[in-house]
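Peer 1: Quick one: this structure, given as structure tokens, is what I'll be asking you about.
What follows is calculated from the coordinates using simple rules that are stated; it is not laboratory data. As the structure is a prediction and not an experimental result, all values here were calculated from the model. Counting neighbours? That spans all protein chains shown, and the Cβs are built from the backbone with ideal geometry, glycine included.
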Amino acid sequence: MSDDYRARALQYLNDARTEMDSGEPKRLPFAALRLRMALEALTYERAHVYREWLAPEQCEAWQPKRVMETLLAIDPNADKGGTLAIGLEEVYGESAKEMTQVGTEHVLSLSTIKQHYDALGSFLHMPTIKQLRKSAGQDMEKLRRRCNEVAEAIQKVLSSSIFNMTASFTVDFDCDRCRVRNARRVPWASYHFETWCSACRAPYVIAGTMEGGTVTPQAKSWSCCTEGCKGRAPLWPDEVKQGATWQCPECGVGHVLKLVCRPARTEPAT
Ligand SMILES: [Zn+2]
Ligand SMILES: [Zn+2]
């Protein structure tokens, strides 16, 4: 299945090059469409590597940017490539003196997707009245430059000598809000990244090293308003809104959140 995406990406790239090489400006939008499809195919191929960690509804996302952001919440290195090398440890636990390179993988990065995917799409629509008034039409030379840039980025990914590699281990945690178990891939090094629960999107920060780490819920703790009560209750960022209610776990008193607008303090003029 994943091989299929890669083969499709190559086919789309070749199709795009045929359109670009024709030298006809009116065929460039067809190249842009094929390049967008190649970007999609390479992103879906990467998602296939992480299929075990994706919730069913996360598999429904199709925009490459959203798909890659989801993958990065599972593994902070999901959009980074690497070189694989092997060697014999003469002493167990000590790095091998001689390493043999197996290959290098180039992965389509989130920044490349952000830089080009929507920009290519803007050439696939009829220019608006405002755009037509501002200029004679779409800048085909600009589109040609962008198509060349994207084709090079796709070619680099496809030229990888190895692919679909991940170098990480799994960290599990139960969501504090919905109790669903989440699994994340973390690198064999120090790590620090933001993620969210696959079921309820409660945010977390995962940080640590190979020796151990922490999973910190990004809920804010609110103090009970009852005199003398030290009870506190957590509210997640998406719950902090006008009229939100919570009950003190100590005294049981219900609270309603009231957001008040105050003018920003300004320093007196000197
Ligand atoms: Zn949850
Ligand atoms: Zn209380």
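Peer 1: Going by a ≥ b ≥ c, the root eigenvalues of the Cα gyration tensor, does segment 41-182 fall in the rounded group (a/c under 1.5), the prolate group (a/b larger than b/c) or the oblate group?
Peer 2: oblate
Peer 1: A further question on this structure: According to the square roots a ≥ b ≥ c of the eigenvalues of the Cα gyration tensor, what is the shape class of segment 114-270, taking rounded for a/c under 1.5, prolate for a/b larger than b/c otherwise, and oblate for the remainder?
Peer 2: Since a/c reaches 1.5 but b/c is at least a/b, the shape of segment 114-270 is classed as oblate.
Peer 1: In which sequence would Ile129, Ile74 go, from the one with the fewest C-beta neighbours within 10 Å to the one with the most?
Peer 2: Ile129, Ile74
Peer 1: For an R0 of 22 angstrom, estimate the FRET efficiency from the Cβ-Cβ distance between Glu98 and Ala189 and round to the nearest 0.05.
Peer 2: 0.50
Peer 1: Rounded to the nearest 500 deg cm²/dmol, what is the calculated helix-only ellipticity per residue at 222 nm for the chain, with -39500 (n - 2.57) per DSSP H run of length n ≥ 4?
Peer 2: So the calculated ellipticity at 222 nm is -11000 deg cm²/dmol.
Peer 1: Under a plain spin-label model, where a point goes 7 Å from the Cα along Cα-to-Cβ, how far apart in nm are Glu24 and Val240?
Peer 2: 5.7 nm
Peer 1: Listed here are the pairs Lys114/Lys142; Lys80/Lys114; Lys65/Lys142; Lys26/Lys142; Lys114/Lys220; which of them are more than 21 Å apart at the Cα?
Peer 2: The answer is Lys65/Lys142; Lys114/Lys220.
Peer 1: Between Leu257 and Phe169, what is the spin-label point distance in nm, taking each point 7 Å from the Cα along the Cα→C-beta axis?
Peer 2: In this crude spin-label approximation the distance works out to 3.7 nm.
Peer 1: Could you order the peptides 221-228, 40-47, 91-98, 145-152 from most to least packed, using the average number of other C-beta atoms within 10 Å per residue?
Peer 2: Going by the mean number of other Cβ atoms within 10 Å, highest first, we get 40-47, 145-152, 221-228, 91-98.
Peer 1: Please give the helix 140-158 orientation as an angle from the longest Cα principal axis of the chain, in degrees from 0 to 90, rounded to the nearest 10.
Peer 2: Once rounded, the angle reads 80 degrees.
Peer 1: For the chain, just say rounded, prolate or oblate: build the C-alpha gyration tensor, square-root its eigenvalues into a ≥ b ≥ c, call rounded for a/c under 1.5, and beyond that prolate if a/b exceeds b/c, oblate if not.
Peer 2: oblate
Peer 1: Moving on to the next point. What distance in nm separates the simple spin-label points at Cys200 and Val180, each placed 7 Å from Cα in the Cβ direction?
Peer 2: 1.0 nm
Peer 1: Please work out how much length the chain gains when fully extended from Glu52 to Leu132, using 0.36 nm per residue of separation minus the C-alpha to C-alpha distance, in nm with one decimal.
Peer 2: 24.0 nm
Peer 1: What's the FRET efficiency of Glu250 with Asp4 using the Cβ-Cβ distance as r and R₀ = 51 Å, to the nearest 0.05?
Peer 2: The formula returns an efficiency of 0.35 here.
Peer 1: Given a Förster distance of 41 Å, report the FRET efficiency between Glu60 and Ala264 from their Cβ-Cβ distance, rounded to the nearest 0.05.
Peer 2: 0.50
Peer 1: With charges set only on the Cβ (+1 for Lys and Arg, -1 for Asp and Glu), what does the dipole of segment 1-131 come to about its Cα centre, in debye to the nearest 20?
Peer 2: It comes to approximately 820 debye.
Peer 1: Using the charge dipole of the chain (Lys, Arg: +1 at Cβ; Asp, Glu: -1 at Cβ; taken about the Cα centre), state which of Thr209, Ala41, Leu120 has its Cα farthest towards the positive end.
Peer 2: With unit charges placed on the Cβ atoms, the residue in question is Leu120.
Peer 1: List Met165, Met20 from most exposed to least, where exposure is judged by having the fewest other Cβ atoms within 10 Å.
Peer 2: Listing Met165, Met20 from fewest to most nearby Cβ atoms yields Met165, Met20.
Peer 1: Let me ask another. Within 10 Å of each residue's Cβ, count the other Cβ atoms and sort Asp139, Asp15 from fewest upward.
Peer 2: By the 10 Å Cβ count, ascending: Asp139, Asp15.
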